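Asker: Got a structure here, written out as structure tokens. Questions coming.
The values are calculated or read from the model by the stated rules, or taken from the named source; none is laboratory data. Keep in mind that what you see is a predicted model, and the values were worked out from it rather than measured. Reconstructed Cβ throughout: ideal geometry from the backbone, glycine too, with neighbour counts over all protein chains shown.
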Amino acid sequence: MLLKPQDILIPLKLLSDPATPQTTAALAQSLELSVGETHNSLKRGVAARLLHFDAHYAPVRRSLEEFLLYGLKYVFVAERGELTRGIPTAHAAAPLADLIVDNGEPVPVWPDPHGTVRGYSLSPIYASVPKIARKDANMYEWLALIDALRIGQARERRLAQQIIKERLSNA
């Protein structure tokens, strides 16, 4: 069994809206996945101990924290590209954008024709990420935080780690 990028999206979605029990169909729709992909991803999440099932699926916070903070950037390597228009991510998006001073250099963006910022392209962890970010502000923040872990400098990674730890302990 190998983890796939969508296997990270599901626990993040469950964390971004913990009050709403998510059906497989609802998760699929909100993450721009097929129901089959979502079902298989849920199974892989349980096998990898990132999720558990007890009447409904829920993230295993300690395992998820460990994987996000220490394994994600090695398993899902981010690829930087050329200048393009897109949606800001990592330190250029909330919640880190308020904590990092803009140095005037191009920022990382997920390429997107609806994007409003010009920066260097960064491959999203999964193809549907720009669509997800446009419709779900909480998921957008989670996705930007994990990109900061994937590409950030030491300070950006440290800030992202602190925020993720806080969110996981408060969720």
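Asker: Mind checking which residues of the range 43-73 are of a type in the set (S, T, Y) and at pLDDT 95 or above?
Answerer: Kept after step one, since they are of a type in the set (S, T, Y), are these residues of the range 43-73: 57, 63, 70.
Matches in the range 43-73: S63, Y70.
Asker: So, in the range 29-79, exactly how many residues are in a helix (DSSP H, G or I) and among the acidic types (D, E)? Lay out the reasoning, then the answer.
Answerer: Going through the range 29-79, the residues in a helix (DSSP H, G or I) turn out to be 29-30, 35-47, 61-70, 72-75.
Pick out the ones that are also among the acidic types (D, E) and you get 37, 65-66.
Residues in the range 29-79 being in a helix (DSSP H, G or I) and among the acidic types (D, E): 3 in total.
Asker: Can you work out which of the residues in the range 125-146 that are small (G, A, S) and farther than 19 Å from H91 by Cβ is surrounded by the fewest Cβ atoms within 10 Å (Cβ to Cβ)? Even if it seems obvious, please write down each step before you answer.
Answerer: As a first pass, look at the range 125-146 and keep what is small (G, A, S): 127-128, 133, 137, 144.
Still in the running and farther than 19 Å from H91 by Cβ: 127-128.
Details: A127: 12, S128: 16.
The residue in question is A127.
Asker: Within the range 94-124, work out how many residues are buried (at least 24 other Cβ atoms within 10 Å of the Cβ) and under 22 Å from R158 (Cβ atoms).
Answerer: The total comes to 2.
Asker: Based on this model, can you work out whether L31 counts as in contact with a Lys or Arg (Cβ under 7 Å, 6 or more places away or on another chain), hydrophobic (A, V, I, L, M, F, W, C) and not assigned by TED's automatic domain parsing to the domain that holds S128? Write out each step before concluding.
Answerer: Working: in contact with a Lys or Arg (Cβ under 7 Å, 6 or more places away or on another chain): yes; hydrophobic (A, V, I, L, M, F, W, C): yes; not assigned by TED's automatic domain parsing to the domain that holds S128: yes.
Judged against the criteria, L31 is a match.
Asker: Out of the strands (runs of 3 or more DSSP E) lying entirely within the range 80-171, which hold 2 or more residues that are under 17 Å from the mean Cα position of the chain (by Cα), farther than 27 Å from S63 by Cα and modelled with pLDDT of 95 or more?
Answerer: Working: elements: 80-88, 107-111, 117-122.
Ranges flagged: 80-88, 107-111.
Asker: Check A58, A92, A47 and return the single one that is assigned by TED's automatic domain parsing to the domain that holds Q161 and among the hydrophobic types (A, V, I, L, M, F, W, C).
Answerer: Working: A58 fails: assigned by TED's automatic domain parsing to the domain that holds Q161; A47 fails: assigned by TED's automatic domain parsing to the domain that holds Q161.
Of the residues listed, the single one that is assigned by TED's automatic domain parsing to the domain that holds Q161 and among the hydrophobic types (A, V, I, L, M, F, W, C) is A92.
Asker: Please enumerate the residues belonging to the range 7-64 that are among the small types (G, A, S), under 19 Å from F76 (Cα atoms) and either under 17 Å from the mean Cα position of the chain (by Cα) or exposed (fewer than 15 other Cβ atoms within 10 Å of the Cβ) (or both). Outline the logic, then answer.
Answerer: Our first condition is that a residue be among the small types (G, A, S); within the range 7-64, this holds for 16, 19, 25-26, 28, 30, 34, 36, 41, 45, 47-48, 55, 58, 63.
Narrowing the set further to residues that are under 19 Å from F76 (Cα atoms) leaves 41, 45, 47-48, 63.
Of everything in the range 7-64, those that are among the small types (G, A, S), under 19 Å from F76 (Cα atoms) and either under 17 Å from the mean Cα position of the chain (by Cα) or exposed (fewer than 15 other Cβ atoms within 10 Å of the Cβ) (or both) turn out to be S41, G45, A47, S63.
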